[in-house]
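Comments concern the structure below.
The values are calculated or read from the model by the stated rules, or taken from the named source; none is laboratory data. None of these values were measured; they are calculated from a predicted model. FYI the Cβ positions are ideal-geometry reconstructions off the backbone, even for glycines, and counts take in every protein chain you see.
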Amino acid sequence: MNYHWNWQFFFQEADDGLKYYEWVVHGAAWTTAVSLSALALALALGSVLGVMRTTPHRALVAIGDAYVDVFRNVPLIVQLFLWFFVMPELLPKALGDWVKQELPYYITAVIGLGLYTAARIAEQVKSGIQALPRGQRFAGLALGFTEWQTYRYVRLPMAYRIVLPALTSEAMNIFKNSAVTYAVGILELYFQYKQIIEKTSQVLEITIVATSLYFILAFGMNQLLALVERRTRVPGLIAGGKGGH
């Protein structure tokens with residue numbers, strides 16, 4: 001393969017006056033911002049849905065199950081296109097025009113990625129709650145807690161510890177899935193990767209750098225949550241064993 005390596009191109013000036021390494025830095029920053037924001041949304045909504053699917057109320061269970069079935073079985077990129085192109089057309093004209101013209105693309109990307117990931121987290125939270133001994137719920141009720149207080153103070157804190165290894169995988173995946181948000185105009189790492197290839201044709205150099213950055217972001221999240229897991233594990237629970245990773 002007659003390929004001309006040139007790592008110096010990262011310090012060359014692009015058409016917009018920035019250097020190519022600055023494109024990479026900005027892309028990594030957008031990837032991090034979108035991923036962490038979407039993860040926060042997914043954890044909040046996924047926890048609510050997970051609780052709904054374990055309550056004795058059939059209507060709440062049906063709503064939670066329907067959400068998970070829909071959002072888990074529609075590809076992420078299709079969901080992003082629905083939020084970006086279709087949803088504004090279904091809103092009242094004034095609101096739809098505002099969404100198309102004024103709402104930052106960042107918000108659309110976070111909503112699409114967050115709602116998609118929430119369905120996956122809901123499944124993990126449901127499994128964690130169902131893995132708890134039934135006696136914990138009865139003990140909470142015996143202490144005078146309401147049904148929702150038993151979730152908040154007793155069942156959810158324990159369930160999170162059980163499913164933390166699975167949540168770690170979802171947190172890592174969200175950084176990789178964020179690459180799809182380039183399709184709705186986010187100047188994240190994959191978008192910059194494609195732009196740099198088109199501008200410079202230095203495919204191998206930028207591929208190595210982009211791959212390394214995705215690895216660093218995902219592995220960093222893995223190590224952070226592994227630390228949380230070690231600090232919060234409860235002896236005797238699934239998360240406390242060595243097989244949790």
In segment 128-175, what count of residues is obtained for those that are charged (D, E, K, R), farther than 16 Å from R53 by Cβ and either surrounded by 17 or more Cβ atoms within 10 Å (Cβ to Cβ) or more than 29 Å from the chain's Cα centre (by Cα) (or both)? 3
By residue number, the members of segment 184-217 that are assigned to a helix (DSSP H, G or I), surrounded by fewer than 17 Cβ atoms within 10 Å (Cβ to Cβ) and not acidic (D, E) are K194, I197, K199, T200, V203, L204, T207, I208, T211, S212, F215, I216
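Mind telling me which of the residues A62, A94 ends up being out of contact with any strand residue (DSSP E or B) (no Cβ under 7 Å at 6 or more places or on another chain) and within 29 Å of A166 (Cα to Cα)? Give the derivation first.
Details: A94 fails: within 29 Å of A166 (Cα to Cα).
So the residue among A62, A94 that is out of contact with any strand residue (DSSP E or B) (no Cβ under 7 Å at 6 or more places or on another chain) and within 29 Å of A166 (Cα to Cα) is A62.
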Pick from segment 3-26 the residues that are of a type in the set (F, W, Y) and out of contact with any Asp or Glu (no Cβ under 9 Å at 6 or more places or on another chain): which of them is surrounded by the most Cβ atoms within 10 Å (Cβ to Cβ)? Y21
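Can we say G17 is among the small types (G, A, S), without any contact (Cβ under 8 Å) to a residue 40 or more places away in the chain and either in contact with a helix residue (DSSP H, G or I) (Cβ under 9 Å, 6 or more places away or on another chain) or part of a loop (DSSP other than H, G, I, E, B) (or both)? Lay out the reasoning, then the answer.
On the way: among the small types (G, A, S): yes; without any contact (Cβ under 8 Å) to a residue 40 or more places away in the chain: yes; either in contact with a helix residue (DSSP H, G or I) (Cβ under 9 Å, 6 or more places away or on another chain) or part of a loop (DSSP other than H, G, I, E, B) (or both): yes.
So G17 passes the test.
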Would a scan of segment 80-90 turn up a residue that is among the charged types (D, E, K, R), free of Cβ contacts under 8 Å to residues at least 60 places away in the same chain and either in a helix (DSSP H, G or I) or in contact with a helix residue (DSSP H, G or I) (Cβ under 7 Å, 6 or more places away or on another chain) (or both)? yes
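Among the listed residues M158, M221, identify the single one that is in contact (Cβ under 8 Å) with a residue 24 or more places away in the chain and within 22 Å of S37 (Cα to Cα).
M221
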Can you spot a residue in segment 44-52 that is touching a Ser or Thr at 6+ places or on another chain (Cβ under 8 Å) and farther than 17 Å from L156 by Cβ? no
From A44, A29, A66, grab the single residue that is surrounded by fewer than 15 Cβ atoms within 10 Å (Cβ to Cβ), under 26 Å from the mean Cα position of the chain (by Cα) and within 30 Å of Q202 (Cα to Cα). A29
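Taking the conditions exactly as written (of a type in the set (V, I, T), out of contact with any Lys or Arg (no Cβ under 6 Å at 6 or more places or on another chain) and either in a loop (DSSP other than H, G, I, E, B) or exposed (fewer than 14 other Cβ atoms within 10 Å of the Cβ) (or both)), does I107 satisfy them or not? Quick ask: steps written out before the conclusion?
Working: of a type in the set (V, I, T): yes; out of contact with any Lys or Arg (no Cβ under 6 Å at 6 or more places or on another chain): yes; either in a loop (DSSP other than H, G, I, E, B) or exposed (fewer than 14 other Cβ atoms within 10 Å of the Cβ) (or both): yes.
Here the answer is yes, as I107 does meet what is asked.
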Near pairs, Cβ below 8 angstrom, 6+ apart or cross-chain, from segment 170-190 (without any contact (Cβ under 8 Å) to a residue 40 or more places away in the chain) to any residue that is buried (at least 24 other Cβ atoms within 10 Å of the Cβ): Y182/E188
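Quick test for you: out of L213, L204, pick the one residue that is at pLDDT 90 or above and either within 21 Å of L39 (Cα to Cα) or of a type in the set (S, T, N, Q) (or both). Spell out the reasoning first.
Values: L204 fails: either within 21 Å of L39 (Cα to Cα) or of a type in the set (S, T, N, Q) (or both).
Selected residue: L213, the only one of L213, L204 that is at pLDDT 90 or above and either within 21 Å of L39 (Cα to Cα) or of a type in the set (S, T, N, Q) (or both).
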